[in-house]
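A.B. asks: Let me begin by handing over the structure; questions about it come next.
The values are calculated or read from the model by the stated rules, or taken from the named source; none is laboratory data. Predicted, not measured: the structure shown is a model, and the values here were computed from it. Cβ sites come from the backbone with ideal geometry, for glycine too, and all protein chains shown count toward neighbours.
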Amino acid sequence: MSITFEKIIEEQFKFLVSEFQFKLEKCNRTQGGFDILYINVFCAVHIVYEFREAYLFITLHKLKNGAFVDNPRPIKSDSLITGYSLDDILSQRAPNAIIKPAYAYGENSEYYDKELGMALYVSQFAKNLKKYASDVLTGDFKIFKLLEPIIKKRAQDSI
């Protein structure tokens with residue numbers, strides 16, 4: 001019997017609850033995947049899994065007045081950005097640790113194993129979050145100041 005995606009998330013990200021005092025606020029199945037939100041007193045970890053992309057998008061948000069506020073869309077030069085993707089953090093700290101969409105590894109990848117593949121894939125994201133963004137999880141948002149001009153430039157370049 002295969003384990004549900006919700007259980008995989010709960011298991012792989014349990015360190016958020018046990019080590020960083022996060023609470024699982026939501027874990028909803030959407031039309032195209034899953035939408036998960038963890039919150040502690042400092043920040044929110046927003047996880048979105050999209051079936052079509054076969055990818056886990058993780059964004060770390062600084063809380064505003066104790067609440068999760070998503071980034072404005074589109075991002076402009078004067079936008080107040082509250083959240084930055086784990087991939088952007090990794091691009092500065094450990095570019096080789098960035099995980100690709102599951103299909104990029106090919107059908108012979110361990111990520112395609114019917115029983116363990118999804119858990120192995122999700123576990124890589126969880127390990128990266130813990131290893132490379134634990135400062136953000138405890139309220140140190142210095143990396144956000146470095147990322148802000150990069151994100152805003154990328155947003156302007158995509159217009």
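A.B. asks: Go through the residues of the stretch 115-136 one by one and say whether even a single one is charged (D, E, K, R), over 23 Å from GLU19 (Cα atoms) and surrounded by 12 or more Cβ atoms within 10 Å (Cβ to Cβ).
C.D. replies: no
A.B. asks: Quick check on the stretch 36-54. Is at least one of its residues assigned to a helix (DSSP H, G or I), over 19 Å from GLU148 (Cβ atoms) and in contact with a Leu (Cβ under 8 Å, 6 or more places away or on another chain)?
C.D. replies: Within the stretch 36-54, none of the residues are assigned to a helix (DSSP H, G or I), over 19 Å from GLU148 (Cβ atoms) and in contact with a Leu (Cβ under 8 Å, 6 or more places away or on another chain).
A.B. asks: Follow-up. Given the structure, is ALA126 modelled with pLDDT of 95 or more, touching a helix residue (DSSP H, G or I) at 6+ places or on another chain (Cβ under 6 Å) and under 22 Å from LYS62 (Cβ atoms)?
C.D. replies: So ALA126 fits the description; yes.
A.B. asks: I would also like to ask the following. For the stretch 1-31, enumerate the residues that are of a type in the set (A, V, I, L, M) and part of a loop (DSSP other than H, G, I, E, B).
C.D. replies: Within the stretch 1-31, MET1, ILE3 qualify.
A.B. asks: Just the residues that are over 18 Å from LEU16 (Cα atoms) and of a type in the set (A, V, I, L, M, F, W, C), please, taken from the stretch 137-152.
C.D. replies: Answer for the stretch 137-152, where residues must be over 18 Å from LEU16 (Cα atoms) and of a type in the set (A, V, I, L, M, F, W, C): ILE143, PHE144, LEU146, LEU147, ILE150, ILE151.
A.B. asks: Name the one entry in ILE8, ILE36, ILE89 that is in contact with a Cys (Cβ under 6 Å, 6 or more places away or on another chain), among the hydrophobic types (A, V, I, L, M, F, W, C), within 17 Å of ALA126 (Cα to Cα) and at pLDDT 95 or above.
C.D. replies: ILE36
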